[in-house]
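The values are calculated or read from the model by the stated rules, or taken from the named source; none is laboratory data. Since this is a predicted model, take the numbers as computed values, not measurements. All Cβ positions, glycine included, derive from the backbone under ideal geometry; neighbour counts span all protein chains shown.
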């Protein structure tokens, strides 16, 4: 979590959508650092802003949405200062995205090889021949036989299509890979294999990976660190290892306690009462306080900052010290 | 194992060698260009039972026949072969009129509460509708009190606040509660739940699971819980059956099945759900990924053999039967 030498640094990034009903504050004041070779899991419920944050990093927010503030530093370059034309060169080359649904991400009327070649040639000056041979290497890397380059998307299984979109994302050797629920909807076995591939490539290519997911046990299992996001705010940022045993933020605790386990003592799962807030009129103070079992009057008045705790993690809770963190150790 | 005459009636539900084959209807183009068209054997001879008050978890990947099984049990589709005995009645031989009183006692909660509730009806008419259809209440007042009662039971309280709401005015969790109320207002003895929490957010899932568990105890409900998540099946059910490609490959009591799995498919599922990082490191349980979604296997072979990590002996020539390997623990694999 140290910012020194980080590949990606976000400082107070806020993104809003301006609709007829008002301003939807999808992401507010998110600061985050991702190191080279690190896999960080971005976890939260649907509508918490995790995809918006991912798209903000690539500056892919379209009207009515807008990044309203903050800095996005990738490899020492502030992306906020870049024009759309410059961004086009950065996307795919420096930062690439594996989208959620591979079935819809691939064009059904073009052969998969053509689609990968097209994306390589859009970003690099290479001959068609070189692009084709690179495409075959990429497919080989993700475990697809080179002779299948001339197949159409419908000739592949769901998992294989997801592999094709991984190959495509890797086409220009990005340093940062965003995986936005890229295995949701796949079968568990296929998911295991696709994530295994991402994990393998990440360590062999020293890529940084941001794994956007709602599946907390999965993220805890495979990523190095974990960012929990609630109502557009980071509420806890910690190492993934050992997190399940000691979550600090009450929302993180709630998430951990809501998931049944496959082995060991079967505890009664509890849901978090209430539902996520309306992001046009978010609650005053801590955004989680209306659903929090430990809330006190101060929680409804002051918004807690994301502060460093004794063990190095960050948590945004007024009473972090009660839950194993130490709120008074300021960074 | 699948001799109908051997079956006694001590189980609430007895499914015997049930089969459903979908004939693929094809258009002119497919007929002209495609060489081999085979019917889809969605459910291919499954046998299981559920006792009164018992929960059975049906586990499997998408397309393995889980939902088809649920549809067959409700006779929403007709089986190709086999028998479904419910409380001693043979559902497969009944006509629609005879089925009606039985259907009151078998109810279903569907996967997606965003699709399964009529958006034009209020909560009170959604829950009241089954009562009207089955003529269970005498008059409006009786019906209203019954609706209020069930709403309290499933936690849509205060009831006055929710009675006149439409589905779009409810959260996902509340919608699923309304769908559960709709099923349980008929006081069934058997409840089928098809992935009832997979469309809901993690933070509200546990509420629905605990509600279903509580109601099962209170109403002594037998249930078939369909899911792809082993941890959920463990939480909800006493026994688990693993379905692969239309066949039950392993079934047993939950702790026995989870700690002592035998079929390579079950072992892989458990390994993946336990820890992905261990699964990748060891690769022992790794099963082969399929190149295409569509796999056509001839009859009379193990359905799993193209993906099986072990040596193939008889697997390509003979279909394994379910064999009892321990108390209530059955496995269909030649290697046992």
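Computed quantities for the displayed model
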read-out: Selection from the range A:223-242 of residues that are buried (at least 23 other Cβ atoms within 10 Å of the Cβ) and touching a strand residue (DSSP E or B) at 6+ places or on another chain (Cβ under 7 Å); value: A:223, A:226, A:227, A:228, A:229, A:232, A:233, A:234, A:235, A:236, A:237, A:238
read-out: Candidates B:233, B:206, filtered to the one that is within 14 Å of chain A (Cβ to nearest Cβ), surrounded by 22 or more Cβ atoms within 10 Å (Cβ to Cβ) and free of Cβ contacts under 8 Å to residues at least 24 places away in the same chain; value: B:206
read-out: Condition met for residue A:246 (more than 14 Å from every other protein chain (Cβ to nearest Cβ) and more than 17 Å from the chain's Cα centre (by Cα)); value: yes
read-out: Condition check for residue B:288: more than 22 Å from residue A:267 (Cα to Cα), in contact (Cβ under 8 Å) with a residue 12 or more places away in the chain, within 12 Å of another protein chain (Cβ to nearest Cβ) and touching a strand residue (DSSP E or B) at 6+ places or on another chain (Cβ under 7 Å); value: no
read-out: When residues of the range B:157-177 are limited to those that are within 14 Å of another protein chain (Cβ to nearest Cβ) and part of a loop (DSSP other than H, G, I, E, B), the one surrounded by the fewest Cβ atoms within 10 Å (Cβ to Cβ); value: B:157
read-out: Residue among A:279, A:255 that alone is at pLDDT 90 or above, within 14 Å of residue A:45 (Cβ to Cβ) and away from chain B (no Cβ under 14 Å); value: A:279
read-out: Residues (within 16 Å of the chain's Cα centre (by Cα) and part of a loop (DSSP other than H, G, I, E, B)) located in the range B:178-198; value: B:189, B:195, B:196, B:197, B:198
read-out: Index of the failed condition, residue A:218 passing every other in (1) facing chain B (nearest Cβ under 9 Å); (2) closer than 26 Å to residue A:136 by Cβ; value: (2)
read-out: Every residue from the range A:196-206 that is surrounded by fewer than 22 Cβ atoms within 10 Å (Cβ to Cβ) and either touching a strand residue (DSSP E or B) at 6+ places or on another chain (Cβ under 7 Å) or within 14 Å of another protein chain (Cβ to nearest Cβ) (or both); value: A:196, A:197, A:199, A:200, A:201, A:202, A:203, A:204
read-out: Qualifying residue in the range B:23-34 (condition: under 18 Å from the mean Cα position of the chain (by Cα) and at pLDDT 80 or above); value: no
read-out: Failed item in (1) away from chain B (no Cβ under 12 Å); (2) not in a loop (DSSP other than H, G, I, E, B), with residue A:284 passing the rest; value: (2)
read-out: Among (1) part of a loop (DSSP other than H, G, I, E, B); (2) modelled with pLDDT of 90 or more, the one test that residue B:38 misses; value: (2)
read-out: Any chance residue A:164 is within 14 Å of chain B (Cβ to nearest Cβ), touching a residue at least 60 places away in the same chain (Cβ under 8 Å) and crowded, with 23+ Cβ neighbours inside 10 Å; value: yes
read-out: Some residue of the range B:66-75 being within 30 Å of residue A:190 (Cα to Cα) and out of contact with any strand residue (DSSP E or B) (no Cβ under 7 Å at 6 or more places or on another chain); value: yes
read-out: Residue identified as farther than 15 Å from residue A:319 by Cβ and not in a loop (DSSP other than H, G, I, E, B) among A:237, A:279; value: A:237
read-out: Exclusive hit being at pLDDT 85 or above, within 19 Å of the chain's Cα centre (by Cα) and surrounded by fewer than 24 Cβ atoms within 10 Å (Cβ to Cβ), set A:186, A:177; value: A:177
read-out: Residue within the range A:217-233 that is part of a helix (DSSP H, G or I), modelled with pLDDT under 90 and within 30 Å of residue A:289 (Cβ to Cβ) present; value: yes
read-out: Filter result (without any contact (Cβ under 8 Å) to a residue 24 or more places away in the chain and part of a helix (DSSP H, G or I)) within the range B:111-127; value: B:125
read-out: The range B:247-277 - residue that is within 19 Å of residue B:15 (Cβ to Cβ) and in contact with a helix residue (DSSP H, G or I) (Cβ under 8 Å, 6 or more places away or on another chain) and, of those, nearest to the other protein chains (Cβ to nearest Cβ); value: B:257
read-out: Residue among B:238, B:187 that alone is within 14 Å of another protein chain (Cβ to nearest Cβ), more than 22 Å from residue A:257 (Cβ to Cβ) and in contact (Cβ under 8 Å) with a residue 12 or more places away in the chain; value: B:238
read-out: One residue from A:30, A:43, A:13 being within 14 Å of chain B (Cβ to nearest Cβ), buried (at least 21 other Cβ atoms within 10 Å of the Cβ) and in contact with a strand residue (DSSP E or B) (Cβ under 8 Å, 6 or more places away or on another chain); value: A:43
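Table: residues versus (1) crowded, with 18+ Cβ neighbours inside 10 Å; (2) more than 22 Å from residue A:181 (Cβ to Cβ).
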| residue | (1), (2) |
| --- | --- |
| A:73 | no, yes |
| A:87 | no, yes |
| A:92 | yes, no |
| A:109 | no, yes |
| A:113 | yes, yes |
